[in-house]
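Notes follow the structure.
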Amino acid sequence: MQNDPFETQNLYGDPAYSAVVQQLREKLDEQKRLYQDTDDRYPELVQLRLDTLK
């Protein structure tokens, strides 16, 4: 927040933040399991997620 207080820089693809991305993805997957939220309900998001893993 200090370096980008208005959150205008997308750091998702920045290799320096890959560990943070992985940690957040794991937390999201955990919550999806907890709430039984499956990707098959949103097929368009499945391909988007696969694309981001490349």
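No value in this document is a laboratory result; all are computed from the given coordinates. Bear in mind that the values here come from a model prediction, so they are computed numbers and not experimental data. Here the Cβ positions follow ideal geometry from the backbone for every residue, glycine too, while neighbour counts run over all protein chains shown.
What to note about this one:
- J(HN,Hα) series, region 33-40, from Karplus relation 6.51 cos²θ - 1.76 cosθ + 1.60, nearest Hz, glycine and proline x: 5, 4, 9, 6, 8, 9, 5, 5
- Per-peptide average of other Cβ atoms within 10 Å, ordering 23-32, 7-16 highest first: 23-32, 7-16
- With all pairs of different C-alpha atoms in the average, the Kirkwood value for the hydrodynamic radius of the chain is 13.0 Å.
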